[in-house]
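What follows draws every value from the coordinates through simple rules; no lab data is involved. Fair warning: this is a prediction, and the values are worked out from it, not measured in the lab. Neighbour counts are summed over all protein chains in view; Cβ atoms, including those assigned to glycine, are modelled from backbone coordinates with ideal geometry.
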Amino acid sequence: MSRADRVRLTLVAIVAVIAMSGGKGYTQADVAPVNDLPNPYRTIAHWGMLPDGRTWGSTATVDLDPDGKSIWVGDRCGANSCAGSTVAPVLKFDPSGKLLKSFGTGMLIFPHGMYVDKDGNVWVTDQRGPTPQELEKFPGTRALGHTVTKFSPDGKVLLTLGKGGVAGDPPDALNEPCDVVVAPNGDIIVAEGHSGQSEKIPPGTVGRISKFTKDGKFIKSWGKLGSGPGEFRTPHALAIDSRGRLFVGDRGNMRIQIMDLDGRYMTEWKQFSRPSGIFIDKKDTIYVADSESNGVAPHPGWKRGIRIGSAKDGKVMFLVPDPDEMKGTSAAEGVVADTQGNIYGAEVGPKGMKKYVKQ
């Protein structure tokens, strides 16, 4: 590593520590683009074998099975929507990419976020309802979207949060649920409001986190649309570290906000760029997928890709660059790593999955 690289990494770490200790956050101007990092991974470009006749759609979300090696993927049914589709959107693969099981046909229209709990149950957010065009063509989709569904490992529906096809407020409904995570005590935490990053924000758009008991009883919501501490513009991803801190990928604000599980703001990090997906492993290694910078969304100077670092101190150590940088399509949006350290990226624009194996 060159002296310049060492100096830059040191500055990034210092900024992170200052942010964590001060608790007031810091502006984008305080963080230079973190791009020039080593990449110790090789890419397997076409990972995941589908049945004959089926092709990948947009795969915004991915998570790890409790066995530490099998991978769950949410696929938008060969397209960017499951409206009218007869294929299953929830898929489980072994490490080689062999399909082990699938389910959820006709139950989801726009799978967006996914969390696999310690018992192997698969939680999936259905982020939006049908568009007018989809509704006209497929009227049976009217009751889909704006929900979080808890599936058993074999696809049985165990719990549903929200009211299908209705955008609203808890406890009766959800509004554009982006992601879901389950806290150590079983509480369910849902990020709501996908449209907040839009240039022209639609009326009724929210930016909030909602919390439920393990049985689905509403506890509280926090946050609102905005850019201040505890405010959100598209809270796109959720993760919890070993200390019980909640990491929120506040994508429209180009930051990760860190708070406790009751919503108290602690700090924010911007050195991981524009976060679409976040995964934190048991060793507190954090993987952050930036699928939109530099060509898809305005974030001058920052390159798309997966940044890897420490959830303990915010230091960024590696960058797996987007191979399609500046070609317009988004890169890996969902991200997960297995217990061997191999990374899996779920891609919306290129439509498919990539595996990144340690050199």
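Data table
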read-out	value
Ranked Cys82, Cys178, criterion: other C-beta atoms within 10 Å, fewest first	Cys178, Cys82
Nonlocal amide H pairs with Gly207, under 5 Å, H built at 1.01 Å	Leu225
CD proxy at 222 nm, helix term only [per DSSP H run n ≥ 4: -39500 (n - 2.57); per residue of the chain; nearest 500]	-2500 deg cm²/dmol
Cα gyration tensor shape of the stretch 229-299, rounded if a/c is under 1.5, else prolate or oblate by comparing a/b with b/c	oblate
Rg(Cα) / (2.2 N^0.38 Å) computed for the chain, rounded to two decimals	0.92
Using a Förster distance of 56 Å, the FRET efficiency for Lys101-Ala32 (Cβ separation, nearest 0.05)	0.80
Paramagnetic reach from Asp187 (point 7 Å along Cα→Cβ, amide N under 18 Å) across the stretch 263-281	263-267
Computed lengthening from Asp94 to Lys214, 0.36 nm per intervening residue step minus Cα-Cα distance	40.3 nm
Prolate/oblate/rounded call for the stretch 66-179, Cα gyration tensor, a/c under 1.5 rounded	oblate
Rounded, prolate or oblate (a/c below 1.5 giving rounded, otherwise prolate when a/b exceeds b/c) for the stretch 294-359 by Cα gyration tensor	oblate
Protection-proxy order for peptides 94-100, 198-204, each taking the mean of Cβ atoms within 10 Å per residue, highest first	94-100, 198-204
Computed label-point distance, nm, for sites Val357 and Lys137 using a 7 Å Cα→Cβ extension	3.8 nm
Stretch gain in nm, segment Trp222-Asp169, where the contour uses 0.36 nm per residue and the Cα spacing is subtracted	17.9 nm
Extended-chain gain in nm, criterion 0.36 nm per residue less alpha-carbon gap, Arg245 and Asp52	65.2 nm
